[in-house]
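The values are calculated or read from the model by the stated rules, or taken from the named source; none is laboratory data. Computed from a predicted structure; not experimentally measured. As a convention, Cβ positions derive from the backbone with ideal geometry for all residues, glycine included, and neighbour counts pool all protein chains shown. Note: areas computed on protein heavy atoms with side chains; ligands, DNA, RNA excluded. Shrake-Rupley method; radii C 1.70, N 1.55, O 1.52, S 1.80 Å.
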Amino acid sequence: MPGSPSRGASIHLHLLMSTQTPNNTTIDPAAILDARFKDAIHAAVPDLPIEQIKALITPSRQPKFGDFQSNCAMPIAKRFQMAPRELAAKIIEHLDVASIAEPLTQTNIAGPGFINVTLLPQAISDALSAMDNDQLGITPPDAPPTVVVDVCGVNLAKQMHVGHLRSTVIGDAIARLYERMGYTVIRQSHVGDWGLPIAMVVEQLITVEDQGTDLSTLTLADLNALYKKVQAACKAETKALELITKIGGHAKAEIELEERIADANAALEKAKARLISLQSGDERSVRVWQLIYDITMSACLSTCKRLHANITDEHSAGESTYRDELGPLVEDLIDRKIAEEDDGALVIRCDGIKEPTIIRKRDGGFLYATTDLAAIKRRVGKLGGDIVVYVVDSRQSLHFKQVFAAAHKAGYDKKTDGQEAVLFHAMFGTVLGEDNKPLKSRSGENLNLTDLLDEAVSRAGTTVAEKNPNMSESDRAPIAEAVAMAAVKYADLSTERIKDYVMNFDRMLAFEGDTGPYLLYALVRVQAIFRKATKQGIDTSNYHSAPFKLVEPSEKALALMLLRYPALIENAGKACEPNRLCSFAYDLASAYGLFYDRCPVLKCDDEALRNSRFRLCDLVGRVLGDALETLGIPTVERM
RNA sequence: GCCCCGAUAGCUCAGCUGGAUAGAGCAGCGGACUUCUAAUCCGCAGGUCGAAGGUUCGAAUCCUUCUCGGGGUGCCA
């Protein structure tokens, strides 16, 4: 599809049509208003086809305009050459919102034709009561689609760095959002565990083992150092040689370079030979490879666990697991004339994409596009994915555009029932250094993920100790850990994922303002009220069924905020944008902050009002807790 | 060359299908703790939404051109 939007908002449209059934039992005032306005518009403008009617209901920006507004009158008036305010009046005449909103009159029409609606307090209370259940008002679809989420994607013999943080944290959050919506979610970590770079490391390890080194004590840090070393050793500096030869004169330098290049080429040849022995199942090669795999995955999965990311061994589907599928897959593509030979290589050409997708090199080797095609085939055909989301660096955008198109051409995006899966690259921005340049792993010192997390915990520990001088060290440690993870993860999740990301310790580990710790703190304050109540002997057994009484503006604002939760989860999930949920969580916490300041709970003399506030606090705590859980951010009971 | 992405307050960022006076946080200034946890709350100040055109009742948002920055671009992953 030429000119298709690269932003993900509309990716699931066809899916929505097929799986989403309108919920008639909704209590969400915004949804009710939407339905009622559509009816009224239809009555007022019968010529407008029903499927084109949009009620355009949005929360009002300012309290003086009421709680919600409909912006429907202006575009319709434009289309039918009517006066918008007159049309608005006509819509109001046909509008039946008596059960949930204050009666609408001419004074509700403002500006060019906005229709302002103020909800009845009872309607807000009823809606809150209705959402006060285990699901917090979120209803799963009747036939839940299956979503495969490509996350994490670590490489063997390499420590996780900040780029993996993004894929892991954002990917896990997207998976959690889908799970929260009731979809079936399958996480897949496409581990880079195959190919020449790994063979280089295997070759090197076998060499040092022959020299007497005990491999059983190796750590991931050792492997990482080794990886860099062999990468450098195999890199032939042919360009430098050309340059020196061109300038001429430096005979000695020229000879040195030639020697180095010869060494590099020799190392490369040995690595290639090792790759072949590895691929053919040579016992020793495989044993060393397995050792590298185990060391890497053990370290990375424990980092995932520490990050509170639900990525485990069962989610790992390394490139090596596709090795036996690549040959047959390529044969299939040749047989069906989807792939063609070009200059010795095998390529797939797709309409609208200039660059062909190379799936087999001239020397017969396969490439990462080949593996990714096999992955799509497995994820759609075998795992039954209706949606496959790739949470990968934006620099891979052309690659995925090619692979998706190639998969489509080959029909690998068709499920067994013939339905086409939605393939979506949920790209995220490059991690930049303080100098605004991409952090390259080559130049990278001190930016591996474990160091970052340790630093975060250390800083959090200092703050926790300051705030809780009387708390024991053993009590402080888990709090510091949770606060640190909340800070790091929220910093990563709260910005628009497509934008480049400037790596900044102070910002990432800040504990004040719009941060993860702020959200934890808000939750702690909710919970503290109930603890204190018990301590003071205040009865909290009756609030669960207490009617909501929304007296103060701040508690009404808090209530309206809560009601937005179910729709927000759905929108954030379908767009694969966890940052929207972050915004919501922050807004909710802020609304609670104001409520907390303005509305005493324990000291409230009116028992009915006190119970209402208890119930409101309880609901805030559960929604905020649910939002944090959906983001994958750990919580604490005190801090 | 071609393709993709970005540009909003001093700094870091929000801004959902075009809506009313563009919002937060940090930094700055001024207030609020014998009070449900002050990791908090309130107020002040801070803007030519990169530039110029266009579309219309209405544009940070859509279209065109341009500037700057980043990335990618046939045999690495």
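Among the residues of segment A:347-368, which ones are under 28 Å from A:Gln419 (Cα atoms) and more than 8 Å from RNA strand B (Cβ to nearest atom)? Within segment A:347-368, A:Ile348, A:Arg349, A:Cys350, A:Asp351, A:Gly352, A:Ile353, A:Thr357, A:Ile359 qualify. One residue alone among A:Glu570, A:Glu577, A:Glu555 is more than 29 Å from A:Gly171 (Cβ to Cβ), among the acidic types (Asp, Glu) and out of contact with any Pro (no Cβ under 7 Å at 6 or more places or on another chain), and that residue is A:Glu555. Here A:Arg323 clears all of (1) within 16 Å of RNA strand B (Cβ to nearest atom); (2) modelled with pLDDT of 95 or more; (3) in contact with a helix residue (DSSP H, G or I) (Cβ under 8 Å, 6 or more places away or on another chain); (4) over 30 Å from A:Val488 (Cβ atoms) except the condition numbered (2). Might you let me know whether segment A:474-497 holds any residue that is more than 9 Å from RNA strand B (Cβ to nearest atom) and either in a loop (DSSP other than H, G, I, E, B) or free of Cβ contacts under 8 Å to residues at least 12 places away in the same chain (or both)? Yes: segment A:474-497 contains one or more residues that are more than 9 Å from RNA strand B (Cβ to nearest atom) and either in a loop (DSSP other than H, G, I, E, B) or free of Cβ contacts under 8 Å to residues at least 12 places away in the same chain (or both). Scanning segment A:582-639 for residues that are small (Gly, Ala, Ser) and either in a loop (DSSP other than H, G, I, E, B) or touching a Ser or Thr at 6+ places or on another chain (Cβ under 7 Å) (or both) turns up A:Gly625, A:Gly632. Quick one: in segment A:511-533, of everything that is more than 6 Å from RNA strand B (Cβ to nearest atom) and of a type in the set (Gly, Ala, Ser), which residue is surrounded by the most Cβ atoms within 10 Å (Cβ to Cβ)? Only one residue fits best here, namely A:Gly516.
Rundown of residues vs (1) part of a strand (DSSP E or B); (2) open to solvent by 20 Å² or more (accessible area, probe 1.4 Å); (3) of a type in the set (Val, Ile, Thr); (4) more than 16 Å from RNA strand B (Cβ to nearest atom), yes/no style:
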residue	(1), (2), (3), (4)
A:Val185	yes, yes, yes, yes
A:Gln188	yes, no, no, no
A:Trp194	no, yes, no, no
A:Ile198	no, no, yes, no
A:Thr207	no, yes, yes, yes
A:Ala225	no, yes, no, yes
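For the condition surrounded by fewer than 14 Cβ atoms within 10 Å (Cβ to Cβ), assigned to a strand (DSSP E or B) and either free of Cβ contacts under 8 Å to residues at least 24 places away in the same chain or of a type outside the set (Ser, Thr, Tyr) (or both), what is the one hit in A:Glu341, A:Glu314? The match here is A:Glu341.
Only residues that are open to solvent by less than 60 Å² (accessible area, probe 1.4 Å) and either in a helix (DSSP H, G or I) or in contact with a His (Cβ under 7 Å, 6 or more places away or on another chain) (or both) were counted across segment A:317-333, and they come to 10. Can you tell me which residue among A:Pro578, A:Pro547 is open to solvent by less than 70 Å² (accessible area, probe 1.4 Å) and either away from RNA strand B (no atom under 13 Å from the Cβ) or closer than 28 Å to A:Cys304 by Cβ (or both)? So the residue among A:Pro578, A:Pro547 that is open to solvent by less than 70 Å² (accessible area, probe 1.4 Å) and either away from RNA strand B (no atom under 13 Å from the Cβ) or closer than 28 Å to A:Cys304 by Cβ (or both) is A:Pro578. When the residues of segment A:599-609 are filtered to those that are in contact (Cβ under 8 Å) with a residue 12 or more places away in the chain and more than 6 Å from RNA strand B (Cβ to nearest atom), which remaining residue is nearest to A:Val551 (Cα to Cα)? The extreme case among them is A:Leu609.
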